[in-house]
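Heads up: the structure comes next, in structure tokens.
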Amino acid sequence: MRLTILGGGGFRVPLIHRALLRDPLAGHVVLHDTDAGRLAAIERVLAAQARGAAAAPQVTATTDLTAALTGADVVFSAIRVHGLAGRVLDERIAIAEGVLGQETVGAGGLSFGLRTVPVATGIARRVAAVAPRAWVVNFTNPAGLVTEAMAAHLGDRVIGICDSPAGLCRRFAPGDPAPDYAGLNHLGWLRAGGRSIPNEYLHYYEDPPGPARGPTRGEFLQEQQSQLYRRLADPHADPLSAWDGVRAERDATYFAAGEGSGGYEDIALALMRALTGGGPARLILNVRNAGTLPHLPADAVVEVSCTADTDGARPRPVTPLDAGQAALTAAVKASERAVLEAAATGSAAAARRAFAIHPLVASDAVAGRLLAAYRRAFPELAYLR
């Protein structure tokens, strides 16, 4: 199998490679990134990690998207438009307006989506043109929103993944082969033991944090990774030990940051194995709704328990959401769809509406100031008129 990783210079790419050393699912891994320096740095880490491995995949790297996609069986998309510097701006601009400053939830997530959806849409069109039989596994955040944008061009051949639901299941439904989970990405609930247990991101809605003190999560990661990539550029440095030390530090701070609980590489490989003939798998995935949650449009992407095999991923029956859960997911989905409208039409009015109707902003005046600040900060938003 030929696996193409978009965002191939990203920090977490060695995790996928490490999983492939344990389970040689792919014989050839193609790394693509727009940043040649980061791409070369991660190539060094992978080469060091593969030393002594019995069946390491061939690894090649390119900055040419068409070359990377041509011949791919599976495309793993994990891009970050404007890098970690963009995440810092997403967080700080929201905080300055007195609303939640977080990467994927609330105002920061909407800003991230507004600049990511046009790029993801371009990638989807390129995949459809040069690798129409490839499966696309999307981990680009905001994962549900980006998967929905790509699905407009790829249909059911794009599937979104997130490690957060799997972590919830490990804690509250260990060993359950078919967990009952439903909602949106970073906004879902697990039914286990007679309870409806919220995804950890729900605390942003139920008990929003107060004013940020000290560096934001984005600022912490930006400084950490800037130091790492500088070390990886040193030909005398040990690339694997440098990367592994930073990975351990990052993982140790996930819980405190309220972020996902790790293990996404295992989810990605389980899904890729199912899609390419390794037998069916039951996973929590981001797929088109198709009536699973009747209060949401059929073509809306939701995060639910699924069965995946060579025909793709199909939602399994789930317990219906209660009235409050349905109302919250409907409001957030309406906000996401306003982002998609803005990205498709260039409408600044639609972008403003996305902020105004989101439950964590819920103010047209604040929405206008947020959008104005994000447009000043990001050249990628020049398409909004």
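The values are calculated or read from the model by the stated rules, or taken from the named source; none is laboratory data. All values derive from a computational prediction rather than experimental measurement. Neighbour counts are summed over all protein chains in view; Cβ atoms, including those assigned to glycine, are modelled from backbone coordinates with ideal geometry. Areas reflect the complete protein model, heavy atoms only, side chains present, ligands, DNA and RNA absent. Shrake-Rupley method; radii C 1.70, N 1.55, O 1.52, S 1.80 Å.
Of everything in the stretch 83-93 that's in contact with a Gly (Cβ under 7 Å, 6 or more places away or on another chain) and open to solvent by less than 40 Å² (accessible area, probe 1.4 Å), which residue is nearest to L15 (Cα to Cα)?
At the first step, the residues of the stretch 83-93 found to be in contact with a Gly (Cβ under 7 Å, 6 or more places away or on another chain) are 84, 87-88, 90-92.
Subsequent filtering for residues that are open to solvent by less than 40 Å² (accessible area, probe 1.4 Å) retains 84, 87-88, 90-91.
Numbers: L84: 19, R87: 22, V88: 24, D90: 26, E91: 26 Å.
Selected residue: L84.
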- Message: With the structure loaded, tell me whether L110 is out of contact with any Leu (no Cβ under 7 Å at 6 or more places or on another chain) and closer than 30 Å to T216 by Cα or whether it fails that test.
- Response: yes
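So that you can scan it fast, the table gives a plain yes or no per residue for (1) within 17 Å of G144 (Cα to Cα); (2) touching a Phe, Trp or Tyr at 6+ places or on another chain (Cβ under 9 Å); (3) acidic (D, E):
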| residue | (1), (2), (3) |
| --- | --- |
| A331 | yes, no, no |
| S335 | yes, yes, no |
| E341 | yes, no, yes |
| G346 | no, yes, no |
| A351 | no, yes, no |
| H358 | yes, no, no |
| A367 | no, yes, no |
| A373 | no, no, no |
| E380 | no, no, yes |
- Query: Picking from R80, R115, which residue would you name as being of a type in the set (K, R), open to solvent by less than 10 Å² (accessible area, probe 1.4 Å) and in contact with a Phe, Trp or Tyr (Cβ under 9 Å, 6 or more places away or on another chain)?
  - Reply: R115
- Of these, T66, T62, which one is under 24 Å from the mean Cα position of the chain (by Cα) and touching a residue at least 40 places away in the same chain (Cβ under 8 Å)? T66
- Query: Quick one: how many residues across the stretch 314-330 are open to solvent by less than 30 Å² (accessible area, probe 1.4 Å) and among the small types (G, A, S)?
  - Reply: 1
- Message: Conditions first: (1) of a type outside the set (G, A, S); (2) touching a Leu at 6+ places or on another chain (Cβ under 7 Å); (3) not in a strand (DSSP E or B). L154 passes all but one, so which condition is the exception?
- Response: (2)
- Message: With touching a strand residue (DSSP E or B) at 6+ places or on another chain (Cβ under 8 Å), of a type in the set (G, A, S), open to solvent by 50 Å² or more (accessible area, probe 1.4 Å) and over 30 Å from L381 (Cα atoms) as the only criterion, which of A26, A54, A72, A47 stands out?
- Response: A47
- Query: Mind checking which pairs have a first residue in the stretch 184-198 that is closer than 16 Å to A326 by Cβ and a second that is among the basic types (K, R), Cβ under 7 Å, 6 or more apart or different chains?
  - Reply: L184/K333
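In this structure, does R385 turn out to be assigned to a helix (DSSP H, G or I), without any contact (Cβ under 8 Å) to a residue 40 or more places away in the chain and either more than 19 Å from L184 (Cα to Cα) or touching a strand residue (DSSP E or B) at 6+ places or on another chain (Cβ under 6 Å) (or both)?
Details: assigned to a helix (DSSP H, G or I): no; without any contact (Cβ under 8 Å) to a residue 40 or more places away in the chain: yes; either more than 19 Å from L184 (Cα to Cα) or touching a strand residue (DSSP E or B) at 6+ places or on another chain (Cβ under 6 Å) (or both): yes.
No: the conditions fail for R385.
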- Task: Test A129 against the criterion of being free of Cβ contacts under 8 Å to residues at least 60 places away in the same chain and open to solvent by 30 Å² or more (accessible area, probe 1.4 Å), and give yes or no.
- Result: yes
- Just one of the numbered conditions (1) assigned to a loop (DSSP other than H, G, I, E, B); (2) among the small types (G, A, S); (3) within 18 Å of the chain's Cα centre (by Cα) is not true of A237; which one? (3)
- Task: Would you point out which residue out of A300, A268, A233 is among the aliphatic types (A, V, I, L, M), under 21 Å from V13 (Cα atoms), in contact (Cβ under 8 Å) with a residue 40 or more places away in the chain and open to solvent by less than 30 Å² (accessible area, probe 1.4 Å)?
- Result: A268
- Determine whether the stretch 49-69 contains at least one residue that is charged (D, E, K, R) and out of contact with any Phe, Trp or Tyr (no Cβ under 9 Å at 6 or more places or on another chain). yes
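Each row is one residue, and each column tells you yes or no for (1) open to solvent by less than 10 Å² (accessible area, probe 1.4 Å); (2) at pLDDT below 95.
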| residue | (1), (2) |
| --- | --- |
| A152 | no, no |
| P174 | no, yes |
| L184 | yes, no |
| G193 | no, yes |
| I197 | no, no |
| P209 | no, yes |
